[in-house]
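Where a number appears in this text, it was derived from the coordinates with a stated rule and is not lab data. For clarity, every value in this text was computed on a predicted model and none was experimentally measured. Virtual Cβ from ideal backbone geometry, glycine too; neighbours counted across all protein chains shown.
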Amino acid sequence: MNIRLIFLVIFITGSAYLLGILSAPYIPFTFFPQKEQGIIYNNEVGKPENVDFSLFWDAWKTIEEKHIKRNSLDPQAMLYGAIQGLVRSLDDPYSAFLTPEEAKRFDEDIAGSFEGVGIELSIKKGTLTVISPLKGTPAGRAGIRPGDKIIKINETLTGDLTLDEAVSLIRGPRGSTVTLKIFRDESDSTLDVPIVRDTIIVPALEWEKKEPNIIYLQIFTFSEKTEQDLRAAIPQMLNQGGEKIILDLRNNPGGLLESAVEIASFFLEKNTLVTSERLADGTIEKEFRTDHEGALKTAPLVILVNQGTASASEILAEALRAGRGSLLIGQTTFGKGSVQELLPLGSSNLKLTVAEWLTPRGESINNNGLKPDIVVEVNEEDFKEDRDPQLEKALEIIREL
């Protein structure tokens, strides 16, 4: 199955020729002929002509002959390690090789139910960073916040871990405990946070009436259920007098792009541009537009965002700002706008960054994020007193619309 994602969904929880190269029968390095300058080697079908793979097999054979554990080597683990090293050389935290076990876990994450702590992670500027804790999860209850930098997972330093290695260490069976050592910029100190793992069920959205004519709508993730849940909620929202809407995308780490486009369709005119896909050579491969007339297109709308607003939620927020002039209130968003494609390699998967998403104005949000129209910070005292100045500002603004 070929899946395009706007964001790697890690709820705490390249190319086809590669497998052919690394799973080919072993040819002892002593069999390679003497190299002659100008002659192209490894020109068999499926192999890149400008790379001499005899070096790889020389290293493989040397390990088999000389390593202290040569009698217990696992060729399959060596193969997976070689591919993981190849992907790591791309210096792209969102590309990854998934072993069969990791591929199965990825499928469970997409389904929206798993055992873990409920954190969305990324590697930002070389540091394992929390995008957001998911609503109602152990991580959120333990006080994990967007922007927290994870220095250690139990006793393992995170500096040299890949994203998937960090995920594997944090996830675990329900009832077990993992301790995260985190650093917060605003406090300039580290903090040990023990978290008891649990079964994580990710809701798509929730809504409530805040005032007689104001609906407060939170979207937590973009999954296969999100469009269905919003479609079912709209008649109830309208029946309760929901003339104006506050759309809360804070701490929404993203999900399926197609889901975000479907949600945009409820708020915009039909055939409005939501995002476009730009390939490495700069060409625009595809545009994504709304596909039906929006039931909420005339409702006054403001949007809440923060540093936990990422990928698909950033795409939706900017599409609504560009398409209907809706104000963004809160803090600058995370800045994740690259496209990952899931490519099968036998029973394993290669998750590879293949493009980037552009806003309707043709701008990239990758590593930049969206700057809100009205900046409202949340300080340490607000957290302690359970105050929400961003929501208070949104209510103040929408009353006047």
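Extension gain for the segment Thr298 to Val354, taken as residue separation times 0.36 nm less the Cα-Cα distance, is 16.5 nm to one decimal. Does the range 257-401 come out rounded, prolate or oblate, given a ≥ b ≥ c as the square roots of the eigenvalues of its C-alpha gyration tensor, rounded meaning a/c under 1.5 and, failing that, prolate meaning a/b above b/c? In terms of gyration-tensor shape, oblate.
Protection proxy ranking, highest mean first, for peptides 201-212, 256-267, 48-59: 256-267, 201-212, 48-59, where packing is the per-residue count of other beta-carbon atoms within 10 Å, averaged.
Helices in the chain, meaning DSSP H runs of at least 4 residues, each add -39500 (n - 2.57). Divided by all residues, the mean residue ellipticity at 222 nm is -8000 deg cm²/dmol. Here Lys61 is the anchor, and the lysines within straight C-alpha reach of less than 19 Å, apart from those fewer than 8 places off in the same chain, are Lys35, Lys69. So, in Å, what gap is there between the alpha-carbon centers of the range 199-223 and the range 246-282? With the range 199-223 and the range 246-282 each reduced to a Cα centre, they are spaced 17 Å.
Among [x] 21.5; [y] 35.4; [z] 23.0, which is the computed mean projected area of the Cα convex hull in nm²? From the options [x] 21.5; [y] 35.4; [z] 23.0, the structure gives [z].
Applying 1/(1 + (r/R0)^6) with r as the Cβ-Cβ distance of Leu73 and Arg399 and R0 = 60 angstrom yields a FRET efficiency of 0.30. Judged by the ratio a/c of the largest to the smallest principal axis of the C-alpha gyration tensor, the range 116-226 counts as prolate, that ratio being 1.5 or greater while a/b is larger than b/c. Among 176-184, 213-221, 277-285, sorting by the average number of other beta carbon atoms lying within 10 angstrom of each residue, highest first, gives 213-221, 176-184, 277-285.
Shown is the FRET efficiency for Arg141 and Gln236, computed with R0 = 41 Å from the Cβ-Cβ distance and rounded to the nearest 0.05: 0.90.
Please identify which residues in the range 264-283 have an amide N closer than 16 Å to a label point set 7 Å out from the Cα of Glu49, following the Cα→Cβ vector. Nothing falls inside the zone, counting backbone N under 16 Å. Packing-based ranking of 330-336, 148-154, 243-249 yields 330-336, 243-249, 148-154, ordered from highest to lowest mean Cβ neighbour count within 10 Å. Counting 0.36 nm for each residue step from Ser187 to Asp291 and taking away their Cα separation leaves a gain of 32.8 nm.
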